[in-house]
Amino acid sequence: MGIDVFEIGVNFVKMIAIFLMMVQIVPLLVWVERRGSAYIQNRLGPNRVGPLGLMQLAADAVKFLTKEEFVPKRGYPFLFYAAPVVAMVPAALAFGAIPLSSPVMVEAFEWMGQHWGPYSFKFQGYEIGIGIVFVLGVSSLAAYGVLLAGYGSANKYALYGALRASAQTISYELAMGLSIVGVILLFNSFNFAEIVGAQSAPMNFMLFGKKVELAFLPNWGIFYQPLGAVLLFSAMFAEANRLPFDLPEAEGELVAGYHTEYSGFKFNMFFIGEYGHMLVASALMVTFFFGGYTLWPWLTPETVAKWFTGMSLTQTSLLTALVLHGVFLAKVVLFLWIFIWVRWTLPRFRYDQLMDLGWRTMLPWALFNTILTAVVILIMRHPWGA
Amino acid sequence: MMMEAIAFYMLAGFLIFFSYKVISVPNPLHSALYLVLTMLGLASAFFNLGAQFIAGVQVIVYAGAVMVLFVMVLMLFDLKTEIRSFSRGLISGALKVMSAALIAGLALGGARSSVTVLDAPAGAAVPGDVTRQLGILLYTKYLFAFEILGILLLAVAVGVVAVSRMKGGTHARH
């Protein structure tokens, strides 16, 4: 975690701040979702409490906190209580591993009669060398939240919802994992920071062993992996149980699916988990395919740092990180809006269509994409066996 | 070093507790959930040893896919009779623990007599580079074993499909 008290303390605070960031974005997203759905359906939406209905969030929070707590008598209380936590933790862990901006350098300084530093703090919860594998692994655990909820609440609708959810999660995880392989091959790394670094440059690739540079385009993954991007984004909808993949909570058939028996804050935690998954999905899309926190040629760590020449290294790197974090957030918000847009545009799949899409359409295409990428990269980088 | 040792012994304690619970709880579903915790603990142990990639794959494959399937299938069964028929007696519990200890002892003895502890190789991989080295080893030195394992898994998959399509299987049409 760090070598001295200052570093450990900052890292700890950072981790909590990033977790709170994820939690705090949820009420805002709920507001955007309700107002956005109203906009799409030509309604007004909640606009009574506060300006633009923004205080509705606070009212909802009070409602969640004061609702009666209820545990089904014949269920398993421990599993029932554990499920919302298990649903929320994977999203938080995954979000913590994604770099949100360029690192902040802190110069050596003197404080309380001691020498401190220099330090370099990553703008993310924690850095893990195999970031992609970690995020995939952790988000695959989210299925347990739904399973525990369905089993612990001793309700047949909840159980049906849980079964559907787990089958869906397992089916789409394969396509999701395989759709990223192309990006890993392309940028030659499991590490998010390296992938983002490779994308903050003009487009450059090897054409039969010769290096080609196209200065008018950034080196984003989407230009090399359009199929992978589409597959990943669709699989992410299924992982987050969002429409058109929200069969686990299909209200026409299953009351409310796996969270039928939940109320109050426990229900809210499922909510945070779902929106957290949306956030992680958007962040992953941005990191893999849309240049992460950089926007070549205007906003890269090098160009932004030039805006703040004349300041100390600490100030420069901090301001740069904040500007680039804004870039990252702007991109993520775009994807979050697409999530909401799709929800109010497409109808729900039938269950056999869902399975068909996962196993017979997306999985073969993801495999094809992987093999094609591998072959093309081999030929382009090492033509004639060089 | 100190922190690593503390982390290791805590993990080891959790692992032993969870794996004991796997064999001792009456409800098969709870047993499977404890197995999930055991898998996660194992992944943390790998991580603690610096084998990050193995830890990640352990979580994805075992905790994230295999055990989700187990739990899902167990939820489909009516487990009342299984739970009732599970003996909770002291003697049978002692027998279970003893047989588990016996198997563990046999495995440990077999491992200790057949494997010699190697010295750390000179060009040990730097932590961030373990995955690359693992991949290179898998596709050069251990290619044959790797491919044979793949073929074995393929044979299993085909076999499962064949068995399930036989008369009386889950997909029987008459």
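As I understand it, the dipole of region A:1-98 uses +1 on the Cβ of Lys and Arg and -1 on the Cβ of Asp and Glu, about the Cα centre. Which of A:A59, A:A87, A:I16 lies farthest toward its positive end?
A:A59
If you place +1 on the Cβ of every Lys and Arg and -1 on the Cβ of every Asp and Glu, how big does the dipole about the Cα centre of region A:7-160 come out, in debye to the nearest 20?
It works out to roughly 900 debye.
Let me know the mean shielding of A:140-146 by other chains, meaning the per-residue number of their Cβ atoms within 10 Å of its Cβ.
Counting Cβ atoms of other protein chains within 10 Å of each residue's Cβ and averaging gives 5.
Of the trypsin sites (Lys or Arg not before Pro) in region A:69-166, which ones lie in a loop per DSSP and count no more than 10 other C-beta atoms within 10 Å?
Answer by residue number: A:K73, A:R74.
For chain A, set up a Gaussian network in which alpha carbons nearer than 10 Å are linked by springs, and say which option among A:S102, A:S37, A:S312 fluctuates the most.
Looking only at A:S102, A:S37, A:S312, the biggest GNM fluctuation is shown by A:S312.
Would you work out if region A:47-98 is rounded, prolate or oblate? Take a ≥ b ≥ c from the square roots of the eigenvalues of the alpha-carbon gyration tensor; rounded if a/c is under 1.5, else prolate when a/b is larger than b/c, oblate otherwise.
Oblate shape, in that a/c is at least 1.5 and b/c is the bigger or equal ratio.
Return the average number of partner chain Cβ atoms within 10 angstrom of each residue Cβ along peptide A:120-129.
Averaged over the peptide's residues, the number is 1.
Could you point to the residue in A:Y76, B:A43, A:L299 farthest towards the positive end of the protein assembly as shown's charge dipole, with +1 and -1 charges on the Cβ of Lys/Arg and Asp/Glu respectively?
Farthest towards the positive end: A:Y76.
Identify the chymotrypsin sites (Phe, Trp or Tyr not before Pro) of region A:275-312 meeting these criteria: DSSP loop state and at most 16 other C-beta atoms within 10 Å of the C-beta.
Filter output for region A:275-312: A:W298, A:F308.
Under 28 Å between alpha carbons, and skipping anything fewer than 8 positions from A:K156 in its own chain: which lysines qualify?
Qualifying lysines at Cα under 28 Å: A:K63, A:K67, A:K73, A:K266, B:K21, B:K80.
If exposed means no more than 12 neighbouring beta carbons inside 10 Å and the site is in a DSSP loop, what's the longest run of chain A without any exposed GluC sites (Glu not before Pro)?
So the longest stretch without any such site is A:70-386.
In bins 20 Å wide, starting from 0, what share of all Cα pairs of region A:5-385 does each bin hold, as a percent?
25, 54, 20, 1
Take A:F134, A:F368 and order them by how many other Cβ atoms sit within 10 Å, fewest up front.
The most exposed by this proxy come first: A:F368, A:F134.
With n ≥ 4 as the cut-off for DSSP H runs, can you work out [θ] at 222 nm for the protein assembly as shown, using -39500 (n - 2.57) per run divided by the number of residues, rounded to the nearest 500?
It comes out at -21500 deg cm²/dmol, rounded to the nearest 500.
Rounded, prolate or oblate, given the Cα gyration tensor of region B:1-95, with a/c below 1.5 counting as rounded?
In terms of gyration-tensor shape, oblate.
Please get the size of the charge dipole for the protein assembly as shown, origin at its Cα centre, with Cβ charges of +1 on Lys and Arg and -1 on Asp and Glu, quoted in debye to the nearest 20.
I would put it at about 1360 debye.
Which of the chymotrypsin sites (Phe, Trp or Tyr not before Pro) found in region B:1-84 are in a DSSP loop and have at most 12 neighbouring Cβ atoms, other than their own, within 10 Å?
Sparse-neighbourhood loop chymotrypsin sites (Phe, Trp or Tyr not before Pro): B:F77.
How far is helix A:313-343 tilted, in degrees, relative to the longest principal axis of the Cα atoms in chain A, given as a value from 0 to 90 rounded to the nearest 10?
The answer is roughly 40 degrees.
Would you mind telling me which residue in A:P51, A:P72, A:P248 has the biggest mean-square fluctuation in a Gaussian network model of chain A, where springs connect alpha carbons within a distance under 10 angstrom?
Most flexible of the set in this elastic network: A:P51.
Of A:R350, A:R35, A:R48, which is the most mobile in a GNM of chain A whose springs link Cα atoms less than 10 angstrom apart?
Per the Cα network of chain A with a 10 Å cutoff, A:R48 tops the list.
Read-outs throughout are calculated quantities, based only on the coordinates presented, and are distinct from any laboratory measurement. None of the values given here were measured: they were computed from a predicted structure. Positions of Cβ are backbone-derived with ideal geometry, glycine not excepted, and every protein chain shown enters the neighbour counts.
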